[in-house]
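S.K.: Submitted below is the structure of interest, expressed as structure tokens.
The values are calculated or read from the model by the stated rules, or taken from the named source; none is laboratory data. Model, not experiment: these values are computed from the prediction. Here the Cβ positions follow ideal geometry from the backbone for every residue, glycine too, while neighbour counts run over all protein chains shown. Only protein heavy atoms, including side chains, enter the accessible area calculation; ligands, DNA and RNA are left aside. Shrake-Rupley method; radii C 1.70, N 1.55, O 1.52, S 1.80 Å.
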Protein chains: 2
Amino acid sequence: MNDYQTPLTVQAIGEQGLLKRLQSFCPADLVGDDAAVLTVQPGRSLVVTTDVLVDGVHFSDQTTAADDAGWRSAAANLSDLAAMGATPLGITVGLSLPGDTTLAWVEGLYQGLTACLNQYNTPIVGGDVCRSSVLSVAITAFGDVEPHRMIRRSTAQPGDAIVVTGVHGASKAGLELLLHPELGRSLNADDRAALIQAHQRPTPRLDVVERLWAGVRSWESGVGSRELEFIPHPSPLTPPQSGSKLHPLPFPSIAGMDSSDGLADAVVQLCRASGVGARLERSQIPIPSALAQWVQPEQALEWALYGGEDFELVLCLPLMQAQALVQQLGEGAAIVGTITDEREIWLVDRTQTMPDQQLTLERGFQHFGA
Amino acid sequence: MNDYQTPLTVQAIGEQGLLKRLQSFCPADLVGDDAAVLTVQPGRSLVVTTDVLVDGVHFSDQTTAADDAGWRSAAANLSDLAAMGATPLGITVGLSLPGDTTLAWVEGLYQGLTACLNQYNTPIVGGDVCRSSVLSVAITAFGDVEPHRMIRRSTAQPGDAIVVTGVHGASKAGLELLLHPELGRSLNADDRAALIQAHQRPTPRLDVVERLWAGVRSWESGVGSRELEFIPHPSPLTPPQSGSKLHPLPFPSIAGMDSSDGLADAVVQLCRASGVGARLERSQIPIPSALAQWVQPEQALEWALYGGEDFELVLCLPLMQAQALVQQLGEGAAIVGTITDEREIWLVDRTQTMPDQQLTLERGFQHFGA
């Protein structure tokens, strides 16, 4: 990989030269025309999401190597697809580059993008490069989903349990360690590396989408596609018997989104979209054990609620399904609270040691805020 | 519209405030979740294209008001869909904005975007806004197309006629008039306005896609979808008669792309992708009459070939279909040359007054070039 020692810039190689190099990261049959062509399976809906990441805002040389920037960009978009319950089909990449950006950086970015995407068999299907004084990466990801398996923000119901699919606060902790290497001296090397990894190489929870429906199958051919059986749920009905005609369990409606802007933001957004409230139990919010050892509980909770970029899913579903899901997922997944028919969102302490605290959007991550 | 007098900035209104304002430009049922949901009709392929436009590179305050920047951004992407033979489904918009960008500018951009998109019933289905020191607009457009109606770069055949769907050079001329208002004093006000309009408000040729197939219908239900009759083409076969079983005319294969980077670039790209050459006849390249009156023929030809951003289509198809298409389109559409089995692309002069000239990609528009 000689290029990594040569300060070859995009200006020197030119637009066509750069595009040719970048096309080696894309399937040959998908690129080279005015647009990419993909197939959406009949009966599935197309899901589209877009994100812009800017040098100095979303990543910086101090905390993010080119390949990490690529991984994070891909992960953020795949996480949005997971948040819709969708399976990825492909992404496009729009690059704005200063002329003195090195080819090595751009290829590193693409290596990181494809390293993340390859885990989910997702191709880069096209893109654009153009000159700018600021480096930025605009990604649009698309996926597809059966309409009745779509996860929406607006369908949370009072009484639903609120599930988080993993720990929160790790990404923010990793960022702090990168920005202030003098911190966290009490951490062992493995824990430190794991927190940094959580920031640099987050995992979009497409695996949750798969597992969510892995136990679901239609068990009667004469029944519509919305009427399915959710296996992990201990059914209140007589189990289906061969040849018998039973009323199927209604398909569970799952509301949810990802926690890219923080767990608190996700709960507030879900409640606002669904016209409901929530009560979160402080002690139930899963925090990485390394974090619990390193910082005070209040600090850990702050990072878990407001740190952002953990890219977990926050899902609202009936309690019994929620319990089955948490059991299936393991690894920090937990029921953290309940959807209520109030309008407020409260963080409560079961032990009544800490006062109840109200969560609002204003505390959340605000890109243009002061 | 009080906002247009108030220097309200995106920093002052905040990300959530800005998103709320921008959502008023989007259909309510399509936005507000982690991703937008669209339907691709069964049997149609999804077509995806992306473009990044940067302040100071693709538009500037001197030549482009916010609404014009919006219109041009939408038109460029819709043109890519037209170049694939696709019908638009929607676009996403990724905005990078300096904090001191006025809300008026952003709303102007969206007004221009929707003014162009509304002509084609195309919604903005989602987007992202983020802070940057440079203003840029990353657009991804989605469309769909029946696979056998797809227009590709790689299928031009020796013997095909090369059709352009309208005049070339107008956009570059308009840009020159905007940059140098002292030029073109010989132009009358209408011609001047028309050239500037061609630069500021280009028309994506989705109408050509419609007209291309308007004359085509499947005329025998037992026949596969690729076997259709092209009506404008004087058929060498006996015309179909009610009840009779005739061999249908094979569906015409159409190669093509748009001329966003110039007519010369389009022909070179088409030839390269198809492994063919071309001969273009200098006198047949349609140049706006106003341009012919204003500048020398060599200058007009230069702008027509290399100016770019006319957003016409360059199509390669059998001569008889090409003649029928040109007749249908009118308004400057013309056959400008022929695809050859050589590798070179020549600009020739039928009158042999000018020497033959070879076209290469290097003369074309190069974003990172010197």
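S.K.: FRET efficiency for B:Arg343 and A:Arg201, Cβ-Cβ distance as r, R0 = 56 Å, nearest 0.05?
M.R.: Rounded to the nearest 0.05, the efficiency is 0.75.
S.K.: What accessible area, in Å² to the nearest ten, does a 1.4 Å probe give for A:Asp61?
M.R.: It works out to around 130 Å².
S.K.: Once B and A are treated as a pair rather than alone, how much accessible area drops out, both sides summed, in Å² to 100, probe 1.4 Å?
M.R.: Working: alone 17710 and 17750 Å², together 30270 Å².
Adding both sides of the contact gives about 5200 Å².
S.K.: Moving to a separate point now. Take the Cβ-Cβ distance between B:Trp213 and A:Ala115 as r, set R0 to 51 Å, and report the resulting FRET efficiency rounded to the nearest 0.05.
M.R.: Details: r = 42 Å, r/R0 = 0.82.
Working from the Cβ atoms, E equals 0.75.
S.K.: In addition: Around B:Asp100, what is the net charge, scoring Lys/Arg as +1 and Asp/Glu as -1 over all other residues with Cβ under 14 Å from its Cβ?
M.R.: Net local charge, B:Asp100 excluded: -1.
S.K.: Between segment A:72-101 and segment B:110-187, what is the C-alpha centre distance in whole Å?
M.R.: Using only Cα atoms to place each centre, the spacing works out to 24 Å.
S.K.: Which order do A:Cys26, A:Cys316 take when ranked by solvent-accessible area (1.4 Å probe, heavy atoms of all protein chains), largest first?
M.R.: Of A:Cys26, A:Cys316, the descending order of accessible area is A:Cys26, A:Cys316.
S.K.: Another one. What are the nm distances, shortest first, from A:Asp349 to its equivalents in the other copies, labels at 7 Å along Cα→Cβ?
M.R.: Values, ascending and in nm: 8.9.
S.K.: Quick one: what are the phi-derived ³J(HN,Hα) couplings along segment A:269-284, Karplus 6.51/-1.76/1.60 with θ = phi - 60°, whole Hz, x for glycine and proline?
M.R.: So the J values, rounded to whole Hz, are 5, 4, 5, 5, 5, 9, x, 10, x, 7, 10, 9, 9, 3, 6, 8.
S.K.: Excluding ligands, DNA and RNA, what is the solvent-accessible area per residue of segment A:14-147 at a probe of 1.4 Å, expressed in Å²?
M.R.: 28
S.K.: Let me ask you something else. For segment A:254-265, what does the Karplus curve 6.51 cos²θ - 1.76 cosθ + 1.60, with θ = phi - 60°, yield as ³J(HN,Hα) per residue in whole Hz, taken in order and with x for Gly and Pro?
M.R.: Using θ = phi - 60°, the values come out as 10, 9, x, 7, 9, 9, 4, 9, x, 5, 4, 4 Hz.
S.K.: As a test question: what accessible area, to the nearest 10 Å², does B:Arg279 have when a 1.4 Å probe is rolled over all protein chains in place?
M.R.: Result for B:Arg279: roughly 100 Å² accessible.
S.K.: Within a Cβ distance under 11 Å of B:Ser154, other residues only, what is the Lys/Arg minus Asp/Glu net charge?
M.R.: Values: positive: B:Arg152, B:Arg153, B:Arg272; negative: A:Asp29, A:Asp33.
It works out to a net charge of +1.
S.K.: B:Gly277's amide H: which non-local residues (gap 5+, or another chain) put their own amide H closer than 5 Å, with H modeled 1.01 Å from N in plane and none for Pro or chain starts?
M.R.: B:Thr340, B:Asp341, B:Glu342
S.K.: Apply the Karplus parameterisation 6.51 cos²θ - 1.76 cosθ + 1.60, with θ equal to phi minus 60°, to every residue of segment B:156-168 and state each ³J(HN,Hα) to the nearest whole Hz, in sequence, with x for glycine and proline.
M.R.: Residue by residue, segment B:156-168 yields 5, 10, x, x, 4, 7, 9, 9, 10, 8, x, 6, 10 Hz.
S.K.: Roughly what would the spin-label model give for B:Asp190 and B:Glu302, points 7 Å off Cα along C-beta, in nm?
M.R.: Modelled inter-label distance: 3.0 nm.
S.K.: Which residues' amide hydrogens lie under 5 Å from the amide hydrogen of A:Gly337, considering only partners 5 or more residues apart or on another chain, with H built in the peptide plane?
M.R.: When sequence neighbours closer than 5 places are left aside, the close amide H contacts are A:Ile162, A:Glu281.
S.K.: Right, next: Placing the label point 7 Å from Cα along the Cα-to-Cβ direction, what are the distances from B:Gly159 to the equivalent spots in the other copies, shortest first, in nm to one decimal?
M.R.: Counterpart label points of B:Gly159 in the remaining copies fall at 7.2 nm.
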